[in-house]
Amino acid sequence: MFFLIKYFINAVFEIGLFINALLYIPQIITLWQKKHADDVSLITFAGFNIINLFAILHGFVVNDKWLVIGLSFSVVTNTTVTFLIIWYRYINTKNTRVIKFKKY
């Protein structure tokens, strides 16, 4: 019985690692479509990157290949979000959002 519980928990954890990477995709799409990063926190996503990189190093230390592989996908998607925030906020300033006011 304990083996089945352990197997189930490990399977859900491994699947969760890949789902974690997929959770960044809506933010990537939103940034890409809106062409601005006014309402997105660079500190938050940069922090996620740092934490994920250390978790990958931990996966190497404990020899957990699924942790390394799953979080590597998260680093790719999270780095994409971080890059887009930097791109739209600091590099590509010509596409800044213009606020339009209604005429009454």
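The values are calculated or read from the model by the stated rules, or taken from the named source; none is laboratory data. Predicted, not measured: the structure shown is a model, and the values here were computed from it. Cβ atoms come from the backbone with ideal geometry, glycine included; neighbour counts cover every protein chain shown. Each accessible area value is taken on the protein alone, full model and side chains, heavy atoms only, with ligands, DNA and RNA left out. Shrake-Rupley method; radii C 1.70, N 1.55, O 1.52, S 1.80 Å.
Please go through region 19-34 and give me each residue that is open to solvent by 70 Å² or more (accessible area, probe 1.4 Å) and outside any helix (DSSP H, G or I), ordered by number.
Leu23
Does Ile9 satisfy the condition of being more than 30 Å from Tyr90 (Cα to Cα) and open to solvent by 80 Å² or more (accessible area, probe 1.4 Å)?
yes
Can you pull out every residue in region 42-67 that is without any contact (Cβ under 8 Å) to a residue 24 or more places away in the chain, open to solvent by less than 50 Å² (accessible area, probe 1.4 Å) and within 15 Å of the chain's Cα centre (by Cα)?
Listed by number, the residues that qualify are Gly47, Ala55, Ile56.
For (1) in contact with a Phe, Trp or Tyr (Cβ under 8 Å, 6 or more places away or on another chain); (2) at pLDDT 95 or above, each residue gets a yes or a no:
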site	(1), (2)
Phe3	no, no
Asn63	no, yes
Thr77	yes, yes
Thr93	no, no
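Which of the numbered conditions does Ala37 fail, given that it passes all the others? Conditions: (1) in a helix (DSSP H, G or I); (2) crowded, with 17+ Cβ neighbours inside 10 Å.
It fails just one condition, (1).
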